[in-house]
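Read the figures in this text as sums done on the coordinates, not as results from a lab. Since this is a predicted model, take the numbers as computed values, not measurements. All Cβ positions, even for glycine, are placed from backbone atoms using ideal geometry, and neighbour counts span all protein chains on display.
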Amino acid sequence: QTEDDPPMPRHRVTTKGKDVPEHVETFEALRERFHLPSHLLQKLAQHGYKRPTGIQSHGIPILMERRDLAAISPTGTGKTLSYLLPVMAALGAPAASSKSDAGSGVRAVILAPTRELAHQIHNECLKLAQGRKWRIVLFSKATAATLADKKVREKIDIIISTPLRLVASLQAGNLELDNVRHLFLDEADRMLDTEFLEQVQEVIAACTHPEIQKAVFSATLPANAEKIAMSMLRDPIRVVVGLKDT
Ligand code: ADP
Ligand code: MG
């Protein structure tokens, strides 16, 4: 983003839930409050992210306090960064490194309805991870085939996938998700619709870590999808972002 780009639109934000963490006005504030590593702050600056958008300003502190979240915010308002930044901040040492204290294996799973979207999320994730040794895998037929080797899958930090791909590997016994601490659904209106719901539930069932954090992100969340989302989340906070003057 250059100086000539229009600023991100301002938004009206409403939150609902118990003990909602206070929002942040700047990315810098995340350093003081949550010890956001400076390499991540540098990446944000490098990529021209000067100020958090509405969903980032509210969603990031909620996720960094490890609360479950249902985030509803219009297309183009930066939902991707709102969940990737907290994941990267929580990740710690790469699973492949001997210093990893989080145990081995996948610690975050991000599900998206299409391969195209998963690809975009993966790119955004690589931007933030640049220069770090985290293994961030965009799941495909080819990567799934490499997972037969347990040593390979133990070194993965983050998986970004469509539900079907992931379920296929789970069913083949080629993937453990018992150390997953963050399970996020992007475009949750589609993920919780009949096409994907069963697969999503299968992934959730495989994520057996007691401290798992779950969150859903969408531009819209129809009543039925919202009901399902709320039943999946634990003590969730709901954040709704609306464009001003609409
Ligand atoms: P959404 O998922 O809500 O539709 P995206 O996450 O795809 O939105 O983000 C839309 C665009 O805004 C992307 O190009 C992204 O790089 C950019 N963006 C995200 N956060 C910021 C920010 N804080 N400042 C400037 N641009 C941002
Ligand atoms: Mg998006």
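General observations
- Rg/Rh for segment 194-242 stands at 0.96; both radii use Cα atoms, and Rh follows the Kirkwood definition.
- Max mean-square fluctuation residue, GNM over the chain, Cα-Cα springs under 10 Å, options 65, 226, 187: 65
- Considering all different alpha carbon pairs of segment 141-208, the Kirkwood hydrodynamic radius works out to 12.5 Å.
- Estimated translational D of segment 36-85 in µm²/s (Stokes, Kirkwood radius over Cα pairs; 25 °C; 0.890 mPa s): 215
- Measure of compaction for segment 117-169 (Cα Rg per 2.2 N^0.38 Å): 1.13
- Once you divide the Cα radius of gyration of segment 60-147 by 2.2 N^0.38 Å, the number left is 1.15.
- Choice from 210, 52, 236 with maximal GNM fluctuation in the chain (Cα, 10 Å cutoff): 210
- Among 225, 184, 139 - extreme Cα towards positive end, dipole of the chain, charges at beta-carbon: 139
- Pairwise Cα separations in the chain fall into 10 Å bins from 0 onward with the following percentages, short to long: 7, 33, 38, 19, 3, 0.
- Two-decimal log10 I(q)/I(0) for segment 118-246, as the Debye equation yields it once each C-alpha is a single scatterer, q = 0.14, 0.15, 0.19 Å⁻¹: -0.69, -0.78, -1.20
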